[in-house]
Amino acid sequence: MEETSKKRFHIDWVLVVTIALVAAFGLIMVYSASFVRGYDQLEGNYTYFFERQLMWLVVSCGLFLFLMFFPYRHFRKLTPLIILGSVVMLILVKTPLGIEVNGAQRWIGAGGFRIQPSEFVKLGVIVYLAYVYSKKQAYINDLFKGLLPPLVVVGFLFGLIMLQPDLGTATSIVAVAGLIVFVSGARLLHLTWIGGLGAIALVYYARSAEYRMNRIIGFRDPFELGFSDGYQLIQSYIAIAHGGVTGAGLGQSVQKLFYLPEAHTDFILAIVSEELGLLGILFVFACMVVIILRGVVIGARCRDAFGSLLAFGIVFQMAIQILFNAGAVSGLLPITGIPFPLLSYGGSSLMVTFMSLGILANISRKTEKERSERLDRESVYDDAEQEVAATSSNVTPLRPVRQFTR
């Protein structure tokens, strides 16, 4: 039955099962990392964050299933609407609908409902660049006609995100854009110039505000600013050291008792390390490696330029988020506020991740279906050739007519 289902629907079960494992694990860890905060700050409602994450997970699973069976090629026609919607949402953040949290205005909503538009813009930029550069393959080496125009749009979105401000998300979008341009076949010289200019702009922007420089200093030497910008990283160090190899046990974290800020969101990986140790971290990263490698295989096998760039863009986005988050938690990179995919608490991030993976699963389905049909045609052709050859070998050749002489 499983083989019949796989042949009929061409579902990538390795990808789907791995996603389900990480999502279930993330739900457990969100509960473990947040129940103390819920009990203390929400009148004893220790399941508050768990219930909300479960609600978002159910919605996200529905979106995943829909997009897994929704033909990804239809996104070509929807690309203008996607970019327009991205711009509108980012503008709405600066209106009265915008919600400010911890000094940053990055959300829109009303009442208890809110979303983070920049998370959806991540996916929108991937779809947009995959669509545009798949059409520009014939002249991708032309800097002004092929390469730069889409990057101007990305730069405009980058500027809107920086108004929030949200340097981490904006940087991840630019990084993904650069990687999509690279796999599109652009000239390395052009990429070097653009990358260099982008790096100079980021350095200038980071040095333009004291709090941004403090984050960098806190990353380089957190003990120098141990009671301010370096505090969170120090607490993360303590959590990782406390966990060791096997961990203190599920639910036994000390740092989540209001020592480590954002324990259930950006720094949930530190709680995983403290409670489940190095073994828990290895489980998470093993699952993520499987997802990323499956994505690379899907992108490489897809014969449609749009689908291939879309798959690679989704994989790049996940890999960069993992790198930024794990780097911040371990002190290898500055703290950027980027959540860990499928693990951190947050509805917008969870929804966008599942939507992205649903599209990836759809590309896999379409690619495997076409590959299966191609192999079937080749098999029928080979069988026909073998049948003709066998028939020819079994035919008795005609004897020559005897010539009689009188």
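The values are calculated or read from the model by the stated rules, or taken from the named source; none is laboratory data. In this text the structure is predicted, and so the values were computed from the model without any measurement. Backbone-built Cβ (ideal geometry, glycine too); neighbour counts: all protein chains shown. Please note that ligands, DNA and RNA were not included when accessible areas were found on the heavy atoms of the full protein model with its side chains. Shrake-Rupley method; radii C 1.70, N 1.55, O 1.52, S 1.80 Å.
Within the set of other residues whose C-beta is less than 10 Å from the C-beta of THR367, count the net charge using Lys and Arg as +1 and Asp and Glu as -1. Numbers along the way, then the final one.
Numbers: positive: ARG301, ARG303, ARG365, LYS366, LYS369, ARG371; negative: ASP12, ASP304, GLU368, GLU370.
It works out to a net charge of +2.
Under 15 Å from a label point set 7 Å out along the Cα-to-Cβ vector of PHE182, the amide N atoms of the range 323-343 belong to 323-324.
Quick one: with all protein chains in place, what share of the accessible area of the range 286-360 is carbon or sulfur, to the nearest percent (1.4 Å probe)? Walk me through the intermediate numbers first.
Values: 1490 of 2020 Å².
Carbon and sulfur: 74 percent of the exposed surface of the range 286-360.
Heavy atoms of the protein chains alone define the surface here; on that basis the range 282-379 has 34 Å² accessible area per residue at 1.4 Å probe size.
Taking every C-alpha pair closer than 8 Å and separated by at least 6 residues, the mean separation divided by the residue count of the chain gives a relative contact order of 24 percent.
Note on HIS242: accessible area is roughly 90 Å² with a 1.4 Å probe, heavy atoms of protein only. The distance between label points at LYS135 and LYS369 comes to 2.4 nm (points 7 Å beyond Cα on the Cα→Cβ vector).
In percent, what relative contact order does the range 85-129 have, based on Cα pairs under 8 Å that are 6 or more apart in sequence?
On the way: 43 pairs, mean separation 13.4, N = 45.
So the answer I get is 30 percent.
How many Å² of accessible area per residue for the range 68-186, probe 1.4 Å? Don't skip to the end; give the middle numbers.
Details: 5300 Å² over 119 residues.
Value for the range 68-186: 45 Å² per residue.
Legend: residue pairs LYS77/LYS135; LYS135/LYS366; LYS145/LYS369, Cα-Cα distance threshold 24 Å; pairs beyond threshold, LYS145/LYS369. With 0.36 nm allotted per residue and the present C-alpha distance subtracted, the LEU333-ALA300 stretch has 8.9 nm of extension available.
In order along the range 126-132, the Karplus-derived 3J(HN,Hα) couplings, from 6.51 cos²θ - 1.76 cosθ + 1.60 at θ = phi - 60°, round to 4, 4, 4, 5, 4, 5, 5 Hz, and Gly and Pro are given as x.
Taken as Cα centroids, the range 292-336 and the range 53-74 sit 19 Å apart, rounded to the nearest whole angstrom.
Gain in length, TYR46 to TRP13, computed as 0.36 nm per residue apart minus the alpha-carbon separation, to one decimal in nm?
Contour length minus the Cα-Cα distance gives 8.4 nm.
Residues MET29, MET355 ordered from highest to lowest accessible area at a 1.4 Å probe: MET355, MET29. Amide H to amide H, with H built 1.01 Å from N, TRP107 comes under 5 Å of ILE99, counting only residues 5 or more places away or on other chains.
How many angstrom separate the Cα center of the range 338-356 from the Cα center of the range 16-48? Distance between centres, Cα-based: 14 Å. When Cα extents along the principal axes in Å is calculated for this entry, the matching label among (1) 70, 46, 43; (2) 124, 52, 40; (3) 68, 55, 55 is (2).
Please give the net charge around THR169, taking every other residue with its beta carbon less than 13 angstrom from that of THR169, where Lys and Arg add +1 and Asp and Glu add -1. Taking every other residue near THR169 into account, the sum is -1.
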